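The values are calculated or read from the model by the stated rules, or taken from the named source; none is laboratory data. All values reported here derive from a predicted model rather than from experimental measurement. Cβ sites come from the backbone with ideal geometry, for glycine too, and all protein chains shown count toward neighbours.
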Amino acid sequence: MPKSKWGIRMKYKIEEMESSDLEEVNNIYVEGIKTGLATFQTEAPTWENWDKSHLQSCRLVARSESSILGWVALSPTSSRSCYAGVVEVSIYIGEKYKGQGIGKSLLTSIIKQSEENGIWTLYCAIIRENIGSIVLHRKCGFREIGIREKIAKMSNEAWHDVVLMERRSKVVGID
C-alpha cells in the first residue's frame, strides 16, 4: 500500500473516471502544467473539449475515499480506421502522491483495459526532462522509439525535445 508524502499508508482503488471527477482531474492536470515537464499545454481544457478528444472507454482514476490521486486516459491518434487500435496515453499523478506506485497501478490497469477494448499499441510523447514518466513507462513495458528534437517551446522560449515511446500488446494484434 503506498504512503502519502507524509509517510501515511494510503488505500486507493483504480476506478472508472466519472464526469463528477472533472474538477479534481483538472486540478491534477494544472499541477502538471505548472511543472513545465508534463505537457506543452498552458491551461486545462473544458470538459467538453477533453471529452471529445479522449476515448469514451479507458478513462481511469486512482481514488482514495472521495479524492482523486491521479488519472489516465486514452486518445485516438488518427481518424483512419486502420489505426483504430493505436492510441495515445495521458497519465497524471497529483504532486503529493508521486513516487508511491499510483502511476504504475494506473498504467498497468489501462494496459489491461485497452487490450480488453481491442487496442494493440499504446503511444506517448514525453518531454525529455520528465525522467520519472519515462522510467514509469519503461517499467510498464514501453520502449523508446525515437526523439522529436526541438518540437515545441514553452513560455520560457526554451526548445524542448520529446521522447516517443510505445507499448505493443502481446495479446491484441499479434497475428
Item checked: Options Ile145, Ile110, Ile127, Ile119; residue that is surrounded by 14 or more Cβ atoms within 10 Å (Cβ to Cβ) and modelled with pLDDT of 95 or more -> Ile110
Check: When you go through Gly132, Gly99 one by one, which is the residue that is modelled with pLDDT under 95, within 20 Å of Ala62 (Cα to Cα) and assigned to a helix (DSSP H, G or I)?
Finding: Gly132
Checklist line | Selected residue [hydroxyl-bearing (Ser, Thr, Tyr), without any contact (Cβ under 8 Å) to a residue 24 or more places away in the chain and in contact with a strand residue (DSSP E or B) (Cβ under 9 Å, 6 or more places away or on another chain)] from Ser78, Ser20 | finding: Ser78
Check: For the stretch 133-150, what are the residues that are of a type outside the set (Lys, Arg) and without any contact (Cβ under 8 Å) to a residue 12 or more places away in the chain?
Finding: Val135
Next item on the list: Check off (1) surrounded by 12 or more Cβ atoms within 10 Å (Cβ to Cβ); (2) within 24 Å of Met165 (Cβ to Cβ) for Thr42 and give me the number that stays unchecked.
Entry: (1)
Next item on the list: Would you mind stating whether Ser90 is out of contact with any His (no Cβ under 7 Å at 6 or more places or on another chain), of a type in the set (S, T, N, Q) and at pLDDT below 90?
Entry: no
Next item on the list: For Trp159, work out the one condition from (1) touching an Asp or Glu at 6+ places or on another chain (Cβ under 6 Å); (2) of a type outside the set (Lys, Arg); (3) within 19 Å of Thr42 (Cα to Cα) it doesn't fulfil.
Entry: (1)
Notebook entry, point to check: Is there a residue being acidic (Asp, Glu) and either in contact with a Pro (Cβ under 7 Å, 6 or more places away or on another chain) or surrounded by fewer than 15 Cβ atoms within 10 Å (Cβ to Cβ) (or both) anywhere in the stretch 78-96?
Noted result: yes
Item checked: Condition broken by Ala152, with the remaining ones in (1) under 26 Å from Tyr83 (Cα atoms); (2) out of contact with any Asp or Glu (no Cβ under 6 Å at 6 or more places or on another chain); (3) in a loop (DSSP other than H, G, I, E, B); (4) at pLDDT below 95 satisfied -> (3)
Notebook entry, point to check: Quick one: which of Ile93, Ile111, Ile151, Ile147 is among the β-branched types (Val, Ile, Thr), within 20 Å of Thr39 (Cα to Cα) and under 18 Å from the mean Cα position of the chain (by Cα)?
Noted result: Ile93
Check: Among the numbered criteria (1) at pLDDT 85 or above; (2) more than 13 Å from the chain's Cα centre (by Cα); (3) farther than 16 Å from Lys104 by Cα, which single criterion is violated by His54?
Finding: (2)
Checklist line | Test for Ser105: is it small (Gly, Ala, Ser), in a helix (DSSP H, G or I) and within 20 Å of Tyr29 (Cβ to Cβ) | finding: yes
